[in-house]
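Colleague: The structure that follows is given in the form of structure tokens.
The values are calculated or read from the model by the stated rules, or taken from the named source; none is laboratory data. Predicted, not measured: the structure shown is a model, and the values here were computed from it. So basically every Cβ, Gly included, is an ideal-geometry build from the backbone, and we count neighbours across all protein chains shown. Side chains are part of the model used for accessible areas, which takes the heavy atoms of the whole protein and leaves out ligands, DNA and RNA. Shrake-Rupley method; radii C 1.70, N 1.55, O 1.52, S 1.80 Å.
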Amino acid sequence: MRGIGAQEAKGFWADAWDRVRRRPGAMLGMAWIAVMGFFAVFAPLIANAHPIRLERLGADGQVVSVEWPLLAYLSPTDWLLMIATAFGVPWIFLGSGRLGRAGRIGVLIGLSMQAGATIVLAALLIWAAEGSGIESLERLTRLDAGPWPLILCSAVVVAALASAVPVATSLSRRIVPIVGAATLGFVLSWLAGGQTLVNHEQVILDEAAGKVRATWTLIPWSSQYTRSDMVGIPPGTRVADWEKTASFKGTPFGERRVLLGTDAIGGDVLGQMLWACRLSISIGLVSTGISVVLGVTIGALMGFFGGWVDLLLYRVVEIFMSVPTLFVLIVAAGVLPRNTYVMMAIIGFFSWTGAARFTRAEFLKLRKMDFVQAAQAAGLPVRAVLFRHMLPNGITPVLVDASFAIAAAITIEATLSFLGLGPDGQASWGKLLSSATAATGTFVWWLAVFPGLAIFLSVLSYNMLGEAMRDAIDPKLRKAAH
Amino acid sequence: MASHHTTAAPPIDPLMSVEDLAVSFDNGSGPRIQAVAGVSMSVYPRQTLAVVGESGCGKSVTAMSSMQLIPRPPGRFDAGRIMFEGRNLLELPEHEMLKVRGGKIAMIFQEPMTSLNPVYTIGDQIMEAVLLHQAVSPDEAARIAIKAMADVGIRDPEGRMRAYPHQFSGGMRQRVMIAMALACRPSLLLADEPTTALDVTIQKQILELLRGLQHSTGMGMMLITHNLGVVAENADVVCCMYAGRVVEYAPVTELFDRPLHPYTRGLFRCIPGLSELRNRLVTVEEVVADPREYEGLRSDAGPVMPWWPFMDQSQRPALDDPSRPYALVEVSPNRWVGCWRTPEVARTPSRPPRIAPA
Amino acid sequence: MATYLLRRLLLMIPTVLGITLMVFLLVALAPGGIGAGLAVQGGQMSDTSKVAQMQAYLEDRYGLNDNVLVQYARWLGRVSPLKFGTTPLVAPTGDLVREPRDLPEPVMTWAFPAPASFVVQYTPPEGEALVADFKRLQREAEGTRRTYVGAVRGLKDALADHVRALGAPWTARLEPKGGADPERFRDLPLEGDAPTLVALRAAAATMHSSWTEAEAARQRATIAFLARPYPAAGIEIIPNAFSLGAPDFGVAFSRNRPVWDLIATALPVTILINFIAFPIIYLVAVPTGVLASVRRGGAFDVISGLMFLLLYSVPVVLTGVFAIGFLANNQYLGWFPVSGLHDSAAATMTFMPYTDDAGAWHRGWLLDMVWHLALPVLCLVYAGFAVLSKQTRAAMLENFSSDYVRTARAKGVPSRDVIISHVLRNSLLPLITMFVGIFPAMLGGSVVVERIFTIPGMGSLVIEAINLRDRELILANTFMISSVSLLALLLADILYALCDPRVAYD
């Protein structure tokens, strides 16, 4: 029917976004994710046992010297994250120019994927260069310890590879700035250098004795700072009111409050929870990224080539599908080094089958479609047919599902950490949760409720978002709704 | 011709008559979609009424409305009625409607491949209809079902009772659909593009089968199609629709001899004929865009102009009521054309379209 | 049907092989390797050289020094029901007895030539005497072998000591942890009488003498073994070449018990929990999904959808901790037991609950188990509600708009019958398929649940195995869990084939 009931045409993603935006649940979820993201980036500035400014006083109260322990403490990753967020987020919302907002988000996602890939490649190169062994693997996860030429090298290689993927023409045109950005970022991160530690106990004692004057962060507890005299303090308690630390009465330290209590080894729960945002968010995003890239690639190969490629790879998919993933993940996390990057890799590696199956199904459908056959008939190279014509169409269900995959990855991280298989030396909600039921049989409610709530809200947020996106995009459900 | 004009009242009542039916659908945030906007037609026993028109013109909605198979909401009956055995089908309560559906009015659909439930046997599905509408034992129902299958030309009906739909070809499935529809001896059959999904030789078989069954049972049939060849061979009366309205309503031979509405003319002209030598085919758009095509029609109300929704404002005649631009006008005996509702047309309303079988 | 079943079963073999190979490589290639758990265990001993000898013995016993793929093949050979090579025997205790293995070669033969090989003359006695003889020879072979392996390790240690005494540049060739690989020191000068060199020579002599003893003992034990002191295990097709037998999962490093014994007690527990949970999920989720689809957009649809999404977002660990903390712990409600599958007094309970003469009520074995399982099952089921009810709802909605439902309605079938016999009947098919997705996930989830509630199932077993790096236990666990999972999927497939007439078996 010409002209009857027709509406103004809108772009596919713009239309989907409009539908998502109408769902209050999805918007609340995004708000929570944004809050989590903020803490993930700025946790070192918000919750830190290192004072921002430390004035050493002479005997007569004169300022002898001034130190900035917090700045010295920040690691290259901290710097990189904070700088990127401080410039990137305003650029997305306020920036102007030829690129639309979606384009700017795309560029940022591309850049962060590139940064991530560079880190992984650099890690592998360093590992290969220094010989295998747990020690070197542990060390390379802090990039500051790696030889910088390798990092630079991998940045360039990744940038070159990224430009070879013709997903969007705009990306390949920006190859030069991308290489520049990556190089600059990593040289900067390398120069930013190590973590100078301050003896907290001493600072606190000196502060009480009036030898130093310290300006503390908002929450003056690190995720790593524990005190054996502060085990199991209930939420909201003032340090001086706690029996074992009553001697600090009248000192700045004694006036502090542990807002969400302390855990079984005397660490502050709130501080750890803020730091744990970083682990959750990064594991969710990176492992899903890995699984999407892996799944889409394998799925595309299966769907595009069919035949024995499909037959062979689908057996592999079946293997991964029929084995209890969590079970194998537990085994893998148990025997491999307890390390963030390893955990991201194994979660990604054991959860790509969904994406592969979606992509395969889409590609099998697309392969028979006229526009793809036309592109092939026109003599376009396989690469162009695959990436330019099929990928954008075939990847939609995978992207819709990515939100659920992130939620699942966060759950898995919490579960593994709960089982004691999480990354070593990292604050994690799951780890806090596991200390709620101690071996002594007592149940510490604040260790269950606060981290539990954080896990629940994060998982819920991503699920809500995924639900909204699926409803917005899934044509089958949309058809059923009319 | 003139003598026919005086035979105003048809000798018998129509089996079913659709009168000024209007159906609209909710369109989410957009305005409601008016799928049918005042349609009238009627079917007599032993008669085949062909409803033709392009996809989305409201053919199927009209048929589905008479079975109350329009999901409401989003659908809604805005106006009009559908009379069947003295009752308005649109207002029948659900329990009454259940007796009509499948019992008195049966329907067959376009997609034989998907219209049968894949998890039940053919026999179960035919017997389900029989058991619903006739007070018979299951054994008796099975006998009826076997006979219905034999009637539609399925070999070894007893054996095929236990077969599943996927074991049948498309043409055979459509025969099963027909057997299912006719097992309860309905007085009216609504055939919604029954042969569109089938290949040409099967199409012919199915239509011949339907015609034969119609002769033996005396039922009326509403044949929805967009294939003019099917219309020419099977229909008695043709109702041509566009954009939810009837543009022309006529006996089949007269319509094919002399189409009166530009749209109908356009439809016929764009069929390639073997006898004609033309450089290129004329499109419907070209015909309806030509102002000369709209001239020369007269009715009891004087000169009338065929209705066309995309006509230029400048060419349209002055209307009696801008909110009701359309009326179905009997321009000559048993020939109705959708026209602009000028004040003259509004003053002398035509009788509703009824063409009794000779 | 039979061919279909057979084909499906055959297709499972590569899948199980793939899974176990993956896990095997993971365990073997992980930093620290399989021995890591042993080192931890051995760390409690005070004498480090004793630890090294112990480790050398265990490495030899479990063949940890071989190529990973060789190790995997060996494992596979034991697990496979088709067995090649010398047929193992069954001792009266039920333990499998295998042919004594060849000794590892002596090392540093370029510097200290190996003793000449020899053949021992030994005629095994017959009957009861053979069994007694074999037992003795077996112990002897084990003991001498252990001594020999320890001596090899001692030689390597002596070599490392000597290299350290020589200092740079030789020390650069040492392993990162200080061990010495003899192959790297072929050009090491061995003249002189430095104390470390003397010790090295002494170590070599020890090695040679212990080799001679071990080799003699091995040969005698082999001859006795081949004389068949015990009956052969399984069904022998070609003597000492090909036989059929039950899978042998070996002995768990950590507990020194046959792995099969451990699994035989743990697996039924896990299966029990899952098979209680499954009907609950389907019984709750399917009716909810059906109702939600029938009243699409209504209050029930919206509320049930939201509630299930909320539940779906609660990780199992969270529910577990909350359930234990608030419902089971005596600090709060204390309604449920904190751990285990049974009360400690369960063995003396009657099966059904009863009231004794004094009027006291006893819950009995069955209710005790229900009471213990209530929380674990609760933790296992709720996440499935969302997945399954959503799937039901989607399938129902899809079928509602299908052509055959329209046909049914056109036939005059009442709405209720349309929903039940047409829409629901067809929507059940994808629900069977859903089983494929849910079941492996649930098996994984039960690992966590068992851990939280200290239930002695597969989950607790595997976590223990991981913590101790017990390869045999990890592998057998993976194998069994995958097999159970695959069998369940096969069951779902068969069910699907039975329910959907369109599926042909061949």
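Colleague: Sort out which residues of region C:431-479 are more than 10 Å from chain A (Cβ to nearest Cβ), under 13 Å from the mean Cα position of the chain (by Cα) and buried (at least 23 other Cβ atoms within 10 Å of the Cβ), and write them in order of number.
Modeller: Scanning region C:431-479 gives C:G457, C:L461, C:D470, C:L473, C:A476.
Results for (1) part of a loop (DSSP other than H, G, I, E, B); (2) more than 28 Å from C:S389 (Cα to Cα); (3) hydrophobic (A, V, I, L, M, F, W, C); (4) at pLDDT 85 or above, shown as yes or no for each residue.
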| site | (1), (2), (3), (4) |
| --- | --- |
| C:D417 | no, no, no, yes |
| C:V436 | no, no, yes, no |
| C:A441 | no, no, yes, no |
| C:I455 | yes, yes, yes, yes |
| C:Y496 | no, no, no, no |
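Colleague: For region B:214-242, how many residues meet the condition of being open to solvent by less than 20 Å² (accessible area, probe 1.4 Å) and within 22 Å of B:M67 (Cα to Cα)? Quick ask: steps written out before the conclusion?
Modeller: Taking region B:214-242 first, the residues open to solvent by less than 20 Å² (accessible area, probe 1.4 Å) are B:214, B:218-225, B:230-231, B:234-235, B:237-242.
Those left that are additionally within 22 Å of B:M67 (Cα to Cα): B:214, B:218-225, B:235, B:237-242.
Adding up the residues that qualify gives 16.
Colleague: Condition first: under 15 Å from A:L205 (Cβ atoms) and part of a loop (DSSP other than H, G, I, E, B). Now tell me which residues in region A:241-271 satisfy that.
Modeller: Once the filter is applied, which keeps residues that are under 15 Å from A:L205 (Cβ atoms) and part of a loop (DSSP other than H, G, I, E, B), region A:241-271 yields A:K249, A:G250, A:T251, A:R256.
Residue-wise test of (1) open to solvent by 40 Å² or more (accessible area, probe 1.4 Å); (2) not in a helix (DSSP H, G or I).
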{"position": "B:A145", "(1), (2)": "no, no"}
{"position": "B:R155", "(1), (2)": "yes, yes"}
{"position": "B:M172", "(1), (2)": "yes, no"}
{"position": "B:R185", "(1), (2)": "yes, yes"}
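Colleague: Out of everything in region B:295-312 that is assigned to a strand (DSSP E or B) and in contact (Cβ under 8 Å) with a residue 12 or more places away in the chain, what residue ends up being most open to solvent (accessible area, probe 1.4 Å)? Quick ask: steps written out before the conclusion?
Modeller: Of region B:295-312, the ones assigned to a strand (DSSP E or B) are B:297-299, B:302-304, B:306.
Filter once more, keeping what is in contact (Cβ under 8 Å) with a residue 12 or more places away in the chain: B:297-299, B:302, B:304, B:306.
On the way: B:L297: 22, B:R298: 147, B:S299: 17, B:G302: 10, B:V304: 14, B:P306: 1 Å².
Checking each candidate, the answer is B:R298.
Colleague: Something else: Residue pairs, Cβ under 8 Å, 6 or more apart or interchain, first in region C:1-23 and open to solvent by 60 Å² or more (accessible area, probe 1.4 Å), second among the acidic types (D, E). List them.
Modeller: Cβ pairs passing all conditions: C:T3/C:D506.
Colleague: Quick one: would you say B:L210 is in contact (Cβ under 8 Å) with a residue 40 or more places away in the chain and more than 14 Å from chain A (Cβ to nearest Cβ)?
Modeller: Numbers: in contact (Cβ under 8 Å) with a residue 40 or more places away in the chain: no; more than 14 Å from chain A (Cβ to nearest Cβ): yes.
So B:L210 fails the test.
Colleague: Moving on to the next point. Whether any residue in region C:311-321 is small (G, A, S), within 14 Å of chain A (Cβ to nearest Cβ) and surrounded by 22 or more Cβ atoms within 10 Å (Cβ to Cβ) is what I want to check. So that I can check it myself, show each step before the final result.
Modeller: Filtering region C:311-321 down to residues small (G, A, S) leaves C:313, C:320.
Add one more test, that the residue is within 14 Å of chain A (Cβ to nearest Cβ), and what stays is C:313, C:320.
Then keep just the ones that are surrounded by 22 or more Cβ atoms within 10 Å (Cβ to Cβ); that gives C:313, C:320.
Yes, region C:311-321 contains a residue that is small (G, A, S), within 14 Å of chain A (Cβ to nearest Cβ) and surrounded by 22 or more Cβ atoms within 10 Å (Cβ to Cβ).
Colleague: Which ranges mark the helices (runs of 4 or more DSSP H) fully within region A:372-482 that have 1 or more residues being more than 30 Å from C:A465 (Cβ to Cβ), modelled with pLDDT under 85 and open to solvent by 30 Å² or more (accessible area, probe 1.4 Å)? If you could, list the steps in order and put the result at the bottom.
Modeller: On the way: elements: A:391-394, A:396-418, A:429-434, A:445-473, A:475-480.
Output list reads A:391-394, A:396-418, A:445-473, A:475-480.
Colleague: Based on what the data block shows, is B:A346 surrounded by fewer than 14 Cβ atoms within 10 Å (Cβ to Cβ), small (G, A, S), without any contact (Cβ under 8 Å) to a residue 40 or more places away in the chain and not in a strand (DSSP E or B)? Please lay out each step first, then the result.
Modeller: Working: surrounded by fewer than 14 Cβ atoms within 10 Å (Cβ to Cβ): no; small (G, A, S): yes; without any contact (Cβ under 8 Å) to a residue 40 or more places away in the chain: yes; not in a strand (DSSP E or B): yes.
Taking the combined requirement at face value, the residue does not satisfy it.
Colleague: I'm checking my understanding of the structure. Among residues of region B:105-124 that are facing another protein chain (nearest Cβ under 8 Å) and not in a loop (DSSP other than H, G, I, E, B), which one is surrounded by the most Cβ atoms within 10 Å (Cβ to Cβ)?
Modeller: B:A106
Colleague: Quick one: would you say B:V329 is open to solvent by less than 50 Å² (accessible area, probe 1.4 Å), assigned to a strand (DSSP E or B) and closer than 26 Å to B:P251 by Cα? Give the derivation first.
Modeller: Values: open to solvent by less than 50 Å² (accessible area, probe 1.4 Å): yes; assigned to a strand (DSSP E or B): yes; closer than 26 Å to B:P251 by Cα: yes.
In short, yes.
Colleague: I would also like to ask the following. If you check B:G75 against the conditions, is it crowded, with 23+ Cβ neighbours inside 10 Å, over 30 Å from B:E254 (Cα atoms) and either out of contact with any Leu (no Cβ under 6 Å at 6 or more places or on another chain) or hydroxyl-bearing (S, T, Y) (or both)?
Modeller: no
Colleague: In the list A:V342, A:V328, A:V335, which residue meets the criterion of being within 11 Å of another protein chain (Cβ to nearest Cβ), out of contact with any Ser or Thr (no Cβ under 8 Å at 6 or more places or on another chain) and open to solvent by less than 20 Å² (accessible area, probe 1.4 Å)?
Modeller: On the way: A:V342 fails: open to solvent by less than 20 Å² (accessible area, probe 1.4 Å); A:V328 fails: out of contact with any Ser or Thr (no Cβ under 8 Å at 6 or more places or on another chain).
Answer to the selection: A:V335.
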